[in-house]
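Contents: one structure, followed by commentary.
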């Protein structure tokens with residue numbers, strides 16, 4: 001068991017292991033869109049509800065508004081990258097770290113800059129038509 005000073009939690013160590021496995025898989029299979037789609041689909045399919053439904057909605061929205069983004073996983077999270085392989089947007093399921101909400105997050109490659117302050121993540125509890133519109137707008141802007 002991890003002690004107070006052992007550094008990473010069990011969940012964090014699992015995320016690091018996931019990332020290492022992703023990098024090995026990319027090196028073996030190449031960074032193809034098909035390999036990324038397969039990894040993303042497997043990650044989504046493995047999620048418990050309600051995370052699975054939220055992740056499926058995330059995948060659908062990205063496909064509709066930013067089809068040029070490349071699907072992949074990132075630390076085990078369903079994610080999308082730009083043409084340079086840099087993560088733009090990701091979905092962190094609530095179940096991953098026993099959180100009360102899922103997270104829709106944006107990384108530095110996201111084109112969301114808005115002066116000296118802008119949002120880089122959102123808590124996500126459900127997908128309503130209004131929430132889907134807001135997500136689509138942010139992803140559209142982030143993807144350029």
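The residue that is nearest to residue 64 (Cα to Cα), among those in segment 99-124 that are under 15 Å from the mean Cα position of the chain (by Cα) and part of a loop (DSSP other than H, G, I, E, B), is 110.
Here residue 23 meets each of (1) in a helix (DSSP H, G or I); (2) modelled with pLDDT under 70; (3) more than 16 Å from the chain's Cα centre (by Cα) with one exception, condition (3). Taking segment 78-98 as the range and being at pLDDT below 95 and touching a strand residue (DSSP E or B) at 6+ places or on another chain (Cβ under 8 Å) as the test, the residues that pass are 83, 85, 96. Filtering 131, 59 for residues that are closer than 25 Å to residue 34 by Cα and either in contact (Cβ under 8 Å) with a residue 60 or more places away in the chain or outside any loop (DSSP other than H, G, I, E, B) (or both) leaves a single hit, 59. So which residues in segment 43-56 are over 20 Å from residue 21 (Cβ atoms) and assigned to a loop (DSSP other than H, G, I, E, B)? The answer is 48, 49, 50.
The values are calculated or read from the model by the stated rules, or taken from the named source; none is laboratory data. These figures come from a predicted structure and were not determined experimentally. Because the Cβ atoms are built from the backbone with ideal geometry, glycine has one as well, and the counts that use them run over all protein chains shown.
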